[in-house]
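The values are calculated or read from the model by the stated rules, or taken from the named source; none is laboratory data. Since the structure is predicted, the reported quantities are computational estimates derived from the model, not experimental observations. With ideal geometry, Cβ positions are generated from the backbone for all residues, glycine too; neighbour counts draw on all protein chains shown.
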Amino acid sequence: MTAQGLEVIDQSVHLTHEWINELAGRLDWSSKRSALRLLRVTLHRIRDHLLVDEVAQLSAQLPVMIRGFYFEGWVPKDTPIKERRGQDFVAFISHQMSDTAEYRGRDDIKCVFDMLNARISRGEVEDVWASLPQDLRDLWPAP
């Protein structure tokens with residue numbers, strides 16, 4: 001038992017740190033805060049391309065704290081968005097990350113996708129991947 005007696009919260013915090021540490025390592029970034037921000041922004045943009053059922057299915061495989069970030073600010077009636085071009089996807093994320101010195105664009109977004117491929121079940125990644133426009137699938141390496 002933990003000091004607070006809330007193992008589910010402790011486990012979620014631990015797992016969230018694992019994800020952030022893994023992503024920071026893949027990115028070779030010193031700032032874990034920036035790695036979390038890139039993960040959050042990228043997950044939001046993926047989420048906004050998906051139908052409600054697929055959003056829920058993907059969320060079920062995220063750690064509880066990351067799931068909270070994933071749903072933050074979501075307006076289901078506004079999704080899926082109509083953006084079809086990969087360059088627009090990258091430009092949106094780049095704009096959100098513009099004040100992050102370590103951010104390098106498309107290659108960093110691919111690091112997020114690589115981590116998701118490693119952390120989410122292959123079947124779910126394939127479902128999400130298949131739901132995205134072709135240009136976005138071209139950014140996300142096949143699982």
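Annotation note: Cβ proximity below 6 Å between a residue of region 19-32 that is under 13 Å from Asp108 (Cβ atoms) and a residue that is assigned to a loop (DSSP other than H, G, I, E, B) (sequence gap 6+ or interchain) occurs for Trp29/Glu102. Summed over region 93-116, residues that are within 15 Å of Leu27 (Cβ to Cβ) and outside any loop (DSSP other than H, G, I, E, B) total 13. Scanning region 53-66 for residues being modelled with pLDDT of 95 or more and β-branched (Val, Ile, Thr) gives a total of 2.
Across region 117-139, the number of residues qualifying as under 24 Å from Arg84 (Cβ atoms) and outside any loop (DSSP other than H, G, I, E, B) comes to 15. Looking at region 93-101, can you tell me whether even one residue there is of a type in the set (A, V, I, L, M) and within 13 Å of the chain's Cα centre (by Cα)? Yes, the conditions are met somewhere in region 93-101. Of the residues in region 22-40, not one is closer than 20 Å to Glu126 by Cβ and assigned to a helix (DSSP H, G or I). Scanning region 58-78 for residues being assigned to a loop (DSSP other than H, G, I, E, B) and touching a Lys or Arg at 6+ places or on another chain (Cβ under 7 Å) gives a total of 1. Candidates in region 20-50 are the residues that are of a type in the set (S, T, N, Q) and touching a Ser or Thr at 6+ places or on another chain (Cβ under 8 Å); of these, the one that is farthest from Ser131 (Cα to Cα) is Ser31. On the stretch given as region 35-59, residues that are over 16 Å from Arg137 (Cβ atoms), within 8 Å of the chain's Cα centre (by Cα) and among the β-branched types (Val, Ile, Thr) total 1. Cβ separations smaller than 8 Å between residues 6+ apart or across chains give the following pairs from region 79-103 residues that are farther than 15 Å from Leu139 by Cβ to residues that are of a type in the set (D, E, K, R) and part of a loop (DSSP other than H, G, I, E, B): Thr79/Asp48; Pro80/Asp48; Ile81/Asp48. The C-beta contact set for region 45-74 (first residue closer than 12 Å to Val125 by Cα and among the hydroxyl-bearing types (Ser, Thr, Tyr), second residue at pLDDT 95 or above and surrounded by 14 or more Cβ atoms within 10 Å (Cβ to Cβ), distance under 7 angstrom, 6+ apart or interchain) comprises Ser59/Arg67; Ser59/Tyr70; Ser59/Phe71.
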